[in-house]
Amino acid sequence: MKTPLFTGTGVALITPFRRGQETVDFTKLEALIEYIITSGVDYIVALGTTSEAATMTDSERAAVKEFIVETVAGRVPIMLGLGGNNTLAVTDTINRTNFDGIAGILSVAPYYNKPNQRGLLAHYRSVAEASPVPVVMYNVPGRTGVNIAAETALAIAAECPNVIGIKEASGNISQVMEILRNRPQGFRVISGDDALTYPLLALGADGVISVIANALPKETSDMVHLALKGDFKHALPIHYRLLPLMHAIFDEGNPTGIKALLEAQGRITNILRLPLVKASKQLTNKLTTLYNEFGA
């Protein structure tokens, strides 16, 4: 039986940059993609928040997208981050985007404008009508300043068949449970918070879009796959083993922590674009210690 699209472990892929020039390091990006895919993840999220897409130029985003599509070469599905707080601009971008090799869109709730729930419904209706591929909503009120209420998410799911799921990063488990309890058949509920993935899987969620899986894709995927099979007994020790690192990588924001951890692994050079800055020495030391303990 074929696994439904965007079930299991998705990786919110980071973007490696070169020191000095701060251009995209495509060599390191290719190596990271290979590491992630061969470690058993189910799909990749390109140009999401973790990628620092907000600080890339249009041409850089296009180049990164095309490079990821070429490197992945159909081995796993690719979800493309494509959202914003100007609905017309989002739909125009969708209309101008080449979706060859792209299986779906991850579209963040409109930020800064703080639309009401009717505005969110109208926004996603427009995005769904414009998109030639399935759409997954992204609810992250800590970043956007607006929450997609459970009632609104369910209304969008009912009205827009092309909206096939939601990445839920509200941290409100009661809200997630309401969506899980009342969702239409086939509607994916995806954890947007690494540390809450295990409990949400126990409640019936369909997987995670993970940050920690950039560095620890096999362990994250093993935990998710065991839980999806109902083997929570063996998934739980992996969850607790990962948990200190899951928390620590967000101590100073994302992708600050995961880039520091990836540098400790020797996979990238730890470069971020302003206004983001590198992890403090204290956090870097903490992550290195936790990673060494994890390996032991």
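With respect to T27, is the statement that it is within 29 Å of A128 (Cβ to Cβ) and modelled with pLDDT of 95 or more true?
no
Name the single residue, out of those in segment 121-141 being among the hydrophobic types (A, V, I, L, M, F, W, C) and out of contact with any strand residue (DSSP E or B) (no Cβ under 9 Å at 6 or more places or on another chain), that is surrounded by the fewest Cβ atoms within 10 Å (Cβ to Cβ).
Keep residues of segment 121-141 that are among the hydrophobic types (A, V, I, L, M, F, W, C), which gives 121-122, 127-128, 130, 133, 135-137, 140.
Adding the requirement that they be out of contact with any strand residue (DSSP E or B) (no Cβ under 9 Å at 6 or more places or on another chain) leaves 121-122, 130.
Values: L121: 19, A122: 14, A130: 19.
Out of the qualifying residues, it is A122.
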- In segment 141-200, which helices (runs of 4 or more DSSP H) lie fully inside it and hold 3 or more residues that are modelled with pLDDT of 95 or more and of a type in the set (A, V, I, L, M, F, W, C)? 150-159, 173-182
- Restricting attention to segment 136-181, the residues that are of a type in the set (D, E) and in contact with a Lys or Arg (Cβ under 8 Å, 6 or more places away or on another chain) number exactly 1
- Query: Which pairs do you get when a residue that is surrounded by 15 or more Cβ atoms within 10 Å (Cβ to Cβ), found in segment 234-253, comes within reach of a residue that is among the acidic types (D, E) and part of a helix (DSSP H, G or I), reach meaning Cβ atoms under 7 angstrom, with the pair 6+ apart or on two chains?
  - Reply: I238/E219; I238/D222; L242/E219; M246/D194
- Considering each residue of segment 59-115, count those that are hydrophobic (A, V, I, L, M, F, W, C), surrounded by fewer than 14 Cβ atoms within 10 Å (Cβ to Cβ) and either touching a Pro at 6+ places or on another chain (Cβ under 8 Å) or in a loop (DSSP other than H, G, I, E, B) (or both), and give that number. 1
- Message: Contact list please: Cβ distance under 6 Å, first residue in segment 273-296 and among the polar types (S, T, N, Q), second residue in a helix (DSSP H, G or I), pairs at least six apart or on different chains.
- Response: T284/A260; T288/A264
- Query: Inside segment 271-286, can you point out the residues that are within 21 Å of the chain's Cα centre (by Cα) and buried (at least 18 other Cβ atoms within 10 Å of the Cβ)?
  - Reply: I271, L272, A279
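Within segment 34-45, can one find any residue that is more than 19 Å from the chain's Cα centre (by Cα) and among the hydrophobic types (A, V, I, L, M, F, W, C)? Let's see the steps before the verdict.
First, the residues of segment 34-45 that are more than 19 Å from the chain's Cα centre (by Cα): none.
No: zero hits.
The values are calculated or read from the model by the stated rules, or taken from the named source; none is laboratory data. Every value quoted in this text rests on a predicted model; they were computed, and no experiment measured them. Note that we place each Cβ from the backbone using ideal geometry, even for glycine, and neighbour counts take in every protein chain shown.
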